[in-house]
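Only one structure is covered here, and it is reproduced in the block below.
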Amino acid sequence: MLKGRHLIDPEDLHLQELEEIFQLTNLIIKNQEDFHNLCKGKILGTLFYEPSTRTRFSFEAAMLRLGGKVIGFSEPGSSSVMKGESLPDTIRTVAAYTDIIAMRHPKEGAPKYASLYSQVPIINAGDGGHQHPTQTLADLFTILKSKGRLNNLAIGFCGDLKFGRTVHSLIKAITRYPNITLYLISPEELQIPAYIRKEVLEDKNIDFIEVERLEEVLDKLDVLYMTRVQKERFFNEADYIRLRDSYILDLKNLAKASKDLSILHPLPRLKEISTEVDQDPRALYFQQVKNGMYIRMALIMKLLGVDKC
Ligand code: ASP
């Protein structure tokens, strides 16, 4: 039962619960009008202490499509945060007005901390360079739809694996399925954090290979997850400038990839995927955007307990 729970980390959802969310998402996609009033009278709070386009809009669109309403901020400067209000006090206040809260914060662990003070479910909509579990739901659903399975896959993660929270969350989630091989493609300085290497991969005996060149492994992949180098997490601009264009996926290097490759990207995309790739049937990142809204509809329904399926 998901009703009333917080979603802070991808592992907060058991595999069976994930499966139920995928099934509900499929139903929503098929019969959208059946869901238009299910959250009537409910309010989603969106607290975005960091910039967002897709995550915030998709949460808002999800709640509006379910017949609910949304309040919140996309810029903490317009709230009492500017007067120095603490996170617990802001959360206690917003939780008094809403039924569910989606929160993004630059500090790792902030949504977890917030959940200790909230009477309503808190959804982590991205915490610093740590985790982003609802992007993971969109990613898993997109992989499932394109491949028909979440096991027996060779998945390449390419780019900023150090600061990319979507990478950390998807690695955590996908390695719970059998026979997953990971190709971790990054410059040495942007390799996955030590806790992911140790606790998620080594301790669980997951097959993984770290390489620097995308071309070396492109032909082995079922899924390629490209990422943006996370400028906002760098201490030093010169390092960012040196690393930001480490990888560029274009039609030329894609010629080496499988015809069935699924190309994902959590977006925003800078230069790491050339726009000429957008028309290639293997490019799924805009489908992923749309899936993100439908799966957030399913998640909101489950956490509010308005799931009549
Ligand atoms: N939109 C994703 C995130 O919030 C990816 C990115 O920003 O690069 O983490």
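The values are calculated or read from the model by the stated rules, or taken from the named source; none is laboratory data. These numbers come from a predicted model, not from an experiment. Cβ placement follows ideal geometry from the backbone for every residue including glycine, while neighbour counts extend to all protein chains displayed.
Within region 264-289, being within 15 Å of the ligand (Cβ to nearest atom) and either out of contact with any Leu (no Cβ under 8 Å at 6 or more places or on another chain) or within 24 Å of R149 (Cβ to Cβ) (or both) holds for L264, H265, P266, L267, P268, R269, L270, K271, Y285, F286, Q288, V289.
Determine whether T181 is among the hydroxyl-bearing types (S, T, Y), within 19 Å of the chain's Cα centre (by Cα) and under 24 Å from D280 (Cβ atoms).
no
Residues that are away from the ligand (no atom under 16 Å from the Cβ) and under 21 Å from the mean Cα position of the chain (by Cα) within region 186-205 comprise Q191, A194, Y195, R197, E199, V200, L201, listed in sequence order. When region 1-25 is limited to residues that are over 14 Å from the mean Cα position of the chain (by Cα) and β-branched (V, I, T), the one that is surrounded by the most Cβ atoms within 10 Å (Cβ to Cβ) turns out to be T25. Pairing residues of region 81-94 that are in the same structural domain as T46 (by TED's automatic domain parsing) with residues that are among the acidic types (D, E) and surrounded by 15 or more Cβ atoms within 10 Å (Cβ to Cβ), at Cβ distances under 7 Å and at least 6 apart in sequence or on separate chains, gives no pairs at all.
Just checking: which of the helices (runs of 4 or more DSSP H) contained wholly in region 204-309 hold 3 or more residues that are of a type in the set (D, E, K, R)?
237-243, 285-304
What do you reckon, is D250 surrounded by 13 or more Cβ atoms within 10 Å (Cβ to Cβ) and modelled with pLDDT under 95? No, not satisfied. Whenever a residue of region 110-125 is assigned by TED's automatic domain parsing to the domain that holds S74 and over 14 Å from A96 (Cβ atoms), it has no partner that is surrounded by fewer than 16 Cβ atoms within 10 Å (Cβ to Cβ) and aliphatic (A, V, I, L, M) lying with C-beta atoms less than 6 angstrom away and at least six residues away or across chains. Cβ-Cβ contacts under 6 Å between residues 6 or more apart (or on different chains), taken from a first residue in region 159-177 that is crowded, with 22+ Cβ neighbours inside 10 Å and part of a loop (DSSP other than H, G, I, E, B) to a second residue that is at pLDDT 95 or above and of a type in the set (F, W, Y), are listed as G159/Y247.
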